[in-house]
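FYI, it's all coordinate maths here, none of it is from the lab. Bear in mind the structure is a predicted one, so any value in this text is a computation, not a measurement. All Cβ positions, even for glycine, are placed from backbone atoms using ideal geometry, and neighbour counts span all protein chains on display.
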Amino acid sequence: MPQNYGLGRGLASLIPQKSKNDSQAEFLRKQRKVMLEDNKNFQANNQVLEIEIDKIIANPYQPRVKFDEGKLEELSQSIKSHGIIQPLVVSQNGSQFELIAGERRLQASKIAGLKKIPAVIRKVKDKEKLELALAENVQRHNLNPIEEAKAYHKMEEEFQMNQEEIARKIGKSRSAIANKMRLLKLPIEVQKSLIEEDITEGHAKAILSIDNTEKQRALLNLILKSNLTVRQTEDKSKEVSVKSHRRKIQSDPELKELENKLMEFLGTKVRINKSGDGGKITIEYYSEEELNGILEKIS
């Protein structure tokens with residue numbers, strides 16, 4: 001059997017021997033290379049670049065629809081003087097860039113006549129585009145209540161998120177999300193008035209307490225006509241809600257006929273409540289001018 005002679009210690013030390021430690025070192029070198037590549041990609045995806053403004057396209061998940069022209073002009077003047085302090089956030093889409101966050105800054109930059117604009121490029125999914133755009137607007141209070149409600153509804157319907165999940169993402173309570181989404185049940189006329197700031201969200205919630213759609217529209221008209229406060233609107237909505245119950249109690253056709261005659265004569269709402277041989281007559285008015293008109297007719 002041939003004898004296997006090993007190398008001398010001095011010579012062997014000059015020739016690298018493959019060992020378990022060598023395999024580990026190679027693995028660590030590869031891991032380090034991957035980590036460096038990942039870090040390089042992260043920096044590339046988060047660095048601020050100057051992007052041609054014409055190459056930035058709208059975010060299809062942007063919840064904000066209505067922009068205040070006056071405030072846009074103010075922002076435009078600020079950008080002209082100081083530039084854009086906070087870069088936009090975009091995602092690359094071929095040769096174009098889809099806006100994720102910074103819609104007002106983009107619009108104001110166009111007004112200011114900028115050709116390029118600073119932006120951070122990020123890789124995000126459609127769901128994240130909506131979440132980021134919504135979070136930015138909600139945190140800045142840039143959305144009107146209907147825009148905000150529609151954004152929550154989209155998260156619920158398109159991305160199958162429940163109200164608890166939406167609340168966690170946005171940083172609000174579940175009840176706040178639910179109450180906001182209820183505004184979408186209002187007639188379109190009421191929603192439009194809320195968007196145009198003719199009424200407040202408090203008015204809208206008071207209108208929501210009425211079940212009948214036509215009565216909701218009637219209360220909206222009364223708010224706009226008589227400039228009712230939220231408290232007055234709440235009182236009126238409570239009154240409307242119990243009116244059907246009162247009508248059931250009052251079934252005397254003669255009283256109803258008298259009410260109609262008084263309403264026609266005075267030009268306002270009149271109720272007659274009978275109690276034994278007596279009762280009371282309630283005449284409603286919604287402004288000092290209307291009260292004076294009623295008093296003139298009575299006198």
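Below, the figures for the structure above:
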quantity	calculated
FRET efficiency, 1/(1 + (r/R0)^6) with R0 25 Å, evaluated for E50 and I195 via beta carbons	0.10
Percentage relative contact order, region 250-298, counting C-alpha pairs under 8 Å, at least six apart	26
At 1.002 mPa s and 20 °C, Stokes diffusion of region 190-249 via Kirkwood alpha-carbon radius, µm² per second	186
Potential extension, A176-H153 segment - 0.36 nm per residue separation minus Cα distance	7.0 nm
Region 168-297: relative contact order as a whole-number percent, Cα under 8 Å and 6+ apart	15
Around L291: net Lys/Arg minus Asp/Glu count, Cβ-Cβ under 14 Å	-3
Anchor K238: aspartates and glutamates whose Cα lies under 20 Å away (excluding residues fewer than 8 positions away in-chain)	E201, D211, E214, E284
For region 257-265, Karplus couplings with θ = phi - 60° (6.51, -1.76, 1.60), whole Hz, Gly/Pro x	5, 5, 4, 4, 5, 5, 5, 5, 6
Residues with amide H under 5 Å from that of I56, placed H, sequence gap 5 or more	F97
Calculated SAXS-style log₁₀ I(q)/I(0) at q = 0.10, 0.22 Å⁻¹ - region 165-299, Debye, Cα scatterers	-0.45, -1.33
D (Stokes-Einstein, µm²/s), Kirkwood Cα radius, region 250-298, 0.890 mPa s at 25 °C	212
Size of charge dipole - region 190-249 - debye, nearest 20, with Cβ of Lys, Arg +1 and Asp, Glu -1, no other charges	460
